Amino acid sequence: MWGRRRGRRGGRSAEELRVRRREREAALRKARREEQLVSKRLLREDSAAEDGAQDGADIVPEPLSEDEVLELLRGVQRGSEDRKRSLGRLRWALQNEETQQKFVRLDGSIRTLTGLFTSSLAELQLEAARCLHELSHSSVPAVAEACLPVTSYLLTYLSGHSLELTELCLYTLGNLVVESEAVRKQLLPQGIIPVLASCIQSPHEAVLEGVGYVLSQLLQAKEAPTEIIPLVLDSLLPRHMLPLVCSGLKAGMGAAVEFAWCLHYIICRHEDNAVLLALGAVPALTSLLLDLASQIPQGAPEGLELLVCPVLRCLSNLLAQTGCQGQDGRLLIALFLILQCFLQHHPFLVQECLWLLNNLTADDPFFCSALLSLDLLPALLQLLTCSQIATVLVLTVLCNVAEKGALQCQQLLQQPLLAQLLPLLTLPDPEAVGQCLELLHLLFLHCREAAADFTRQGGHQALEQHLSTPELQERAQALLDMVRQPPGAPSACQATLAVFS
Amino acid sequence: MRNAHCCLAMLPLPPGLHLLLREGLPPLPQDPPSPHPPQPAPPFTFAPRRLRLGPQHPLFEDGDVHRHLYLQGVLTSLEEVAERPKVSEFSCHISGCSQVFDTLESYEHHYNTLHRNVCSFCKRSFPSGNLLDIHILEWHDSLFQIMAEKQNMYQCLVEGCTEKFKSSKDRKDHLVTVHLYPADFRFDRPKKVKSGSKHTSSPREQGSSVPMDVSVEMAEQFQGNPMETGPEENMEISQPAASPGPLLPEKRLYKSRIPSTICFGQGATRGFKGPRKKV
């Protein structure tokens with residue numbers, strides 16, 4: 001699937017593709033907000049052209065009438081000479097959603113497909129499996145539920161040896177799983193988890209990727225935390241998943257991507273993650289990020305962001321649980337090299353990286369001082385205006401450092417930090433402004449000089465404009481009071497400088 | 001878009017980071033132990049916190065959308081899919097099987113479906129090694145019946161379930177009630193005829209009595225022309241159990257076929273060496 005992942009352009013212009021992508025993206029964002037984000041994968045040979053679709057996979061056949069569908073079904077049932085051709089035509093027709101619905105409503109239609117699918121006629125079996133796969137891709141729940149009787153056979157063939165059939169069964173199952181809770185409720189007692197646990201030991205990359213796909217679909221179910229994740233953690237799956245994710249750079253990127261998302265779905269929804277921690281998830285994922293960063297100069301393979309994203313999430317959530325004691329400082333370098341690599345083409349990774357950076361530096365003197373002494377501050381400051389989320393996260397990381405004390409504040413102030421903070425105070429986002437006020441407070445607290453500098457740069461007015469914003473006014477007032485204090489006793493910052501100069 | 005103002009292409013990173021990544025960090029200057037910072041003084045609230053984010057956190061939106069664009073195949077690029085290499089036509093090397101192929105994949109599928117998990121006693125083919133093992137035990141192990149009278153010997157067909165049963169009927173009940181298998185699950189038909197007659201697989205017997213399998217030689221022999229002698233198991237499944245569909249009588253016409261015990265003539269598979277699997 002990984003090798004075949006890039007959709008065919010089907011003769012369309014780049015502009016058409018961009019429009020299509022924008023539409024799909026908007027639909028996905030809406031679905032996510034409604035907690036309805038599901039996707040299905042289509043495993044389709046590019047033989048569609050033989051039936052007149054010159055342009056490949058994206059031309060959907062016209063819907064057939066009830067009678068035409070019935071005729072196709074009869075042709076398939078009759079075992080007539082051209083049963084194989086009828087089945088091929090049926091498969092092609094089933095690309096149409098309306099035809100799918102008409103087909104499943106016909107008496108005995110699914111039973112006929114099941115019969116062929118479980119027959120020993122190898123070609124018919126594959127073709128029947130492809131028909132079932134087309135049905136599984138439907139977005140109509142009734143179509144997925146019509147496939148309920150076939151799930152036990154789909155599982156049975158997963159233990160078989162035909163690579164192509166196994167792959168088809170996997171993607172069909174993965175599609176059915178997200179469409180209906182009824183399907184999931186049936187697959188669990190039918191033993192899907194143990195079957196996947198034995199499939200994950202397959203030597204075939206395509207099978208592994210398919211297993212990862214099915215599992216990732218299962219783990220996104222709303223009942224996953226109570227019904228599915230405990231079963232997965234109890235099985236042999238976790239000990240195989242982790243090495244598959246970590247070997248993704250060398251072999252099997254497709255499988256690594258799927259299993260990395262599986263780990264993310266488990267980790268972000270599970271309470272203690274004891275199983276994964278005991279398997280060494282934190283050092284394993286850390287060393288994956290180090291490897292990855294060290295390979296970046298040789299050029300990141302296309303699609304690498306699909307692996308990096310879930311790996312960052314897993315590590316970040318796990319570190320939130322365990323803290324960073326004993327962590328390898330090189331992780332910090334790797335993180336900035338990854339930021340650099342993806343900044344331009346996949347800016348969405350910036351916020352994910354910054355979240356991990358927060359979890360590394362929060363309450364951790366080692367990573368705070370590494371950030372300063374490795375001279376990574378200029379790069380961090382450049383990310384201040386990257387996006388709304390990034391602004392808040394960069395400010396939070398700076399607060400993590402400033403909170404450590406006078407010396408750290410002084411090092412922060414060696415950068416043109418105040419000049420960069422001032423324009424942030426005019427942002428419409430109260431969260432960003434609030435975090436900015438917090439940082440100013442820490443800087444003024446530890447370094448009185450900073451307050452004076454701030455006034456000189458006109459910070460006074462910037463603060464006054466927030467005196468009427470309810471959630472900001474108290475903090476703005478407190479900072480104004482600090483700024484107005486007549487310079488008296490030497491500040492902590494000056495005292496420290498005196499000691500170290 | 002969220003990242004609309006992100007127009008910076010390069011970060012001002014210090015040189016030599018790759019070297020440090022390879023060789024490790026130099027010893028960092030030791031900061032003087034600072035007294036523990038005070039708790040945030042109201043109205044200020046900042047305290048360092050490691051954040052655990054749940055699946056619906058807004059920070060994940062962009063990444064999740066990207067993942068799903070990938071799943072839906074919208075991340076298009078110019079690269080085209082590699083075609084499967086076509087090879088000159090060749091036929092299956094298993095004796096008695098004359099199926100012809102033009103891609104390695106189609107041959108592989110054929111071989112794996114029909115010749116891999118084949119019972120060496122009765123030449124039946126099974127979808128998985130697990131089902132073949134169970135078949136051999138239950139059908140061809142002479143001790144099985146004796147043992148089965150004393151203890152539960154019929155293993156559950158579901159991988160990972162270790163339950164055993166007194167009879168195949170008990171197993172079937174278990175599969176249907178516990179594992180939600182269809183009542184007519186085709187890989188576990190009860191064994192109705194005595195095992196002695198298994199080699200004389202007349203169509204009638206074979207169709208009604210064979211559990212879990214498909215008759216390999218029958219299937220292959222008529223593969224090119226399934227209509228006339230469509231293997232009965234296909235028919236049975238398409239119209240199973242209690243609801244014989246309107247098409248059933250019509251299909252019954254096509255049942256005649258060469259018994260598998262015939263050792264000569266076109267399509268015969270039995271001779272001194274049977275179609276044993278070779279890997």
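The values are calculated or read from the model by the stated rules, or taken from the named source; none is laboratory data. These figures come from a predicted structure and were not determined experimentally. Cβ sites come from the backbone with ideal geometry, for glycine too, and all protein chains shown count toward neighbours. Side chains included, ligands, DNA and RNA excluded: accessible areas come from the protein's heavy atoms. Shrake-Rupley method; radii C 1.70, N 1.55, O 1.52, S 1.80 Å.
I need the full set of residues from the range B:44-79 which are over 24 Å from residue A:259 (Cα atoms) and either at pLDDT 90 or above or more than 7 Å from chain A (Cβ to nearest Cβ) (or both), in order please.
Of everything in the range B:44-79, those that are over 24 Å from residue A:259 (Cα atoms) and either at pLDDT 90 or above or more than 7 Å from chain A (Cβ to nearest Cβ) (or both) turn out to be B:44, B:45, B:46, B:47, B:48, B:49, B:50, B:78.
Results for (1) more than 10 Å from chain B (Cβ to nearest Cβ); (2) touching a residue at least 24 places away in the same chain (Cβ under 8 Å), shown as yes or no for each residue.
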position: A:395; (1), (2): no, yes
position: A:401; (1), (2): no, yes
position: A:412; (1), (2): yes, yes
position: A:423; (1), (2): yes, no
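Could you check the range A:279-289 and list, in sequence order, the residues that are touching a residue at least 40 places away in the same chain (Cβ under 8 Å) and open to solvent by 20 Å² or more (accessible area, probe 1.4 Å)?
A:279, A:284, A:287
I'd like to know if the range A:81-100 contains one or more residues that are in contact with a helix residue (DSSP H, G or I) (Cβ under 6 Å, 6 or more places away or on another chain), farther than 27 Å from residue A:161 by Cα, among the hydrophobic types (A, V, I, L, M, F, W, C) and open to solvent by 10 Å² or more (accessible area, probe 1.4 Å).
no
Looking only at the range A:430-469, which residues are of a type in the set (D, E, K, R) and surrounded by fewer than 14 Cβ atoms within 10 Å (Cβ to Cβ)?
A:456, A:464 - these are the residues of the range A:430-469 that are of a type in the set (D, E, K, R) and surrounded by fewer than 14 Cβ atoms within 10 Å (Cβ to Cβ).
Please count how many residues of the range B:1-28 are at pLDDT 70 or above and open to solvent by 70 Å² or more (accessible area, probe 1.4 Å).
The total comes to 6.
Does the range A:314-324 contain at least one residue that is buried (at least 23 other Cβ atoms within 10 Å of the Cβ) and more than 14 Å from chain B (Cβ to nearest Cβ)?
No, the range A:314-324 contains no residue that is buried (at least 23 other Cβ atoms within 10 Å of the Cβ) and more than 14 Å from chain B (Cβ to nearest Cβ).
Does residue A:335 count as assigned to a helix (DSSP H, G or I), of a type in the set (A, V, I, L, M), under 18 Å from residue B:22 (Cβ atoms) and more than 7 Å from chain B (Cβ to nearest Cβ)?
Numbers: assigned to a helix (DSSP H, G or I): yes; of a type in the set (A, V, I, L, M): yes; under 18 Å from residue B:22 (Cβ atoms): yes; more than 7 Å from chain B (Cβ to nearest Cβ): yes.
Yes; evaluated as a whole, the condition is true for this residue.
What number goes with the only condition from (1) surrounded by fewer than 23 Cβ atoms within 10 Å (Cβ to Cβ); (2) more than 10 Å from chain B (Cβ to nearest Cβ); (3) assigned to a helix (DSSP H, G or I) that residue A:221 does not pass?
(3)
Quick one: is residue A:31 surrounded by fewer than 19 Cβ atoms within 10 Å (Cβ to Cβ), assigned to a helix (DSSP H, G or I), at pLDDT below 90 and of a type in the set (A, V, I, L, M)?
no
Restricting to helices (runs of 4 or more DSSP H) lying wholly in the range B:93-174: which have 2 or more residues that are within 20 Å of residue A:158 (Cβ to Cβ), within 14 Å of chain A (Cβ to nearest Cβ) and touching an Asp or Glu at 6+ places or on another chain (Cβ under 7 Å)?
Those helices (runs of 4 or more DSSP H) span B:104-111, B:129-135.
Just one of A:292, A:276 is buried (at least 16 other Cβ atoms within 10 Å of the Cβ), within 15 Å of residue A:321 (Cα to Cα) and more than 10 Å from chain B (Cβ to nearest Cβ); which is it?
Just a single option satisfies the conditions, and that option is A:276.
Working only within the range A:318-332, note down all residues that are in a helix (DSSP H, G or I) and in contact with a helix residue (DSSP H, G or I) (Cβ under 7 Å, 6 or more places away or on another chain). Can you show your working first?
At the first step, the residues of the range A:318-332 found to be in a helix (DSSP H, G or I) are A:318-322, A:330-332.
Within the range A:318-332, A:318, A:319, A:320, A:322, A:330, A:331, A:332 meet the criteria.
Identify all residues within the range A:440-489 that are under 20 Å from residue A:406 (Cβ atoms) and among the aliphatic types (A, V, I, L, M); write none if there are none.
Hits for the range A:440-489 are A:440, A:442, A:443, A:445, A:450, A:451, A:452, A:478, A:479, A:482, A:483, A:489.
Which of the following residues is outside any helix (DSSP H, G or I), at the interface with chain B (Cβ under 8 Å from one of its Cβ atoms), over 22 Å from residue A:317 (Cβ atoms) and of a type in the set (S, T, N, Q): A:344, A:340?
Of A:344, A:340, the one residue that is outside any helix (DSSP H, G or I), at the interface with chain B (Cβ under 8 Å from one of its Cβ atoms), over 22 Å from residue A:317 (Cβ atoms) and of a type in the set (S, T, N, Q) is A:344.
Report yes if residue A:301 is over 18 Å from residue B:25 (Cβ atoms) and either facing another protein chain (nearest Cβ under 7 Å) or surrounded by fewer than 19 Cβ atoms within 10 Å (Cβ to Cβ) (or both), otherwise no.
Here the answer is yes, as residue A:301 does meet what is asked.
Does the range A:237-245 contain any residue that is closer than 19 Å to residue A:190 by Cβ and modelled with pLDDT of 95 or more?
The initial filter retains those residues of the range A:237-245 that are closer than 19 Å to residue A:190 by Cβ, namely A:237.
Now drop any that are not modelled with pLDDT of 95 or more, which leaves A:237.
Checked against the condition, which is being closer than 19 Å to residue A:190 by Cβ and modelled with pLDDT of 95 or more, the range A:237-245 yields at least one hit.
Would you confirm whether or not the range B:179-196 contains a residue that is touching a Gly at 6+ places or on another chain (Cβ under 8 Å), more than 9 Å from chain A (Cβ to nearest Cβ), in contact (Cβ under 8 Å) with a residue 24 or more places away in the chain and outside any helix (DSSP H, G or I)?
Within the range B:179-196, not a single residue is touching a Gly at 6+ places or on another chain (Cβ under 8 Å), more than 9 Å from chain A (Cβ to nearest Cβ), in contact (Cβ under 8 Å) with a residue 24 or more places away in the chain and outside any helix (DSSP H, G or I).
Give the residue that is farthest from residue A:37 (Cα to Cα), with candidates limited to residues of the range A:125-153 that are within 11 Å of chain B (Cβ to nearest Cβ) and open to solvent by less than 10 Å² (accessible area, probe 1.4 Å).
Selected residue: A:125.
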